[in-house]
1. How large is the convex hull of the C-alpha atoms of the range 18-68 per residue, in Å³?
2. Determine, for each peptide in 40-47, 58-65, 77-84, the mean count of other beta carbons within 10 angstrom over its residues, then list the peptides with the highest first.
3. Which of the residue pairs Lys41/Lys62; Lys82/Lys102; Lys25/Lys88; Lys34/Lys87; Lys25/Lys82; Lys62/Lys87 have a Cα-Cα distance greater than 22 Å in the structure shown?
4. Among 66-72, 96-102, what's the highest-first ranking by average C-beta atoms within 10 angstrom per residue?
5. To the nearest 20 debye, what is the magnitude of the charge dipole of the range 18-68 about its Cα centre, counting +1 on the Cβ of each Lys and Arg and -1 on the Cβ of each Asp and Glu?
Amino acid sequence: MRSFLAFLLAMGIVVALSDAYCFTKRNTAEQSGKGCILNGKLYPFGEIERTEDCLSCSCNRKEMRCCSLYHTPVNYDKERCKVVFNKKTCNYDVIEKDDPSKECFVYSRVG
């Protein structure tokens with residue numbers, strides 16, 4: 001019983017920490033001949049390397065499937081550092097709170 005509870009706890013932690021996400025969005029009948037719409041923007045059929053929201057997508061007549069391009073830092077000095085999303089690089093920067101020009105070391109990321 002103890003092993004089972006430890007397993008459930010470990011799986012709960014893993015699920016809570018996993019951040020990389022993918023999703024599928026079905027096209028409506030009127031969209032199926034034009035492309036895929038995501039956040040109000042029309043994307044052509046085929047592969048989309050990078051959207052404005054830092055996603056890599058694939059668009060076909062039936063659906064649009066997207067996955068995040070970034071990894072979220074989870075293990076760093078949280079007292080001294082803060083996390084800022086950089087849309088230009090599609091990544092999280094971990095910088096010092098007192099001096100944002102200095103980067104902090106990140107021990108692990110998820111995603």
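All of the numbers you see were taken from the coordinates with simple rules; none came from a lab. Worth saying up front: this structure is predicted, and the values here are computed from it rather than measured. Methodologically, a virtual Cβ is constructed for each residue, glycine included, from the backbone with ideal geometry; neighbour enumeration extends over all protein chains shown.
1. In the range 18-68, the Cα convex hull volume per residue is 67 Å³.
2. Values: 40-47: 11.5, 58-65: 15.9, 77-84: 13.2.
Those peptides, ordered most packed to least, come out 58-65, 77-84, 40-47.
3. Working: Lys41/Lys62 17 Å; Lys82/Lys102 11 Å; Lys25/Lys88 25 Å; Lys34/Lys87 27 Å; Lys25/Lys82 33 Å; Lys62/Lys87 29 Å.
Pairs exceeding the cut-off: Lys25/Lys88; Lys34/Lys87; Lys25/Lys82; Lys62/Lys87.
4. Details: 66-72: 17.3, 96-102: 10.4.
Result, highest mean first: 66-72, 96-102.
5. Numbers: 8 positive and 7 negative charges, 53 e Å.
Value, rounded to 20: 260 debye.
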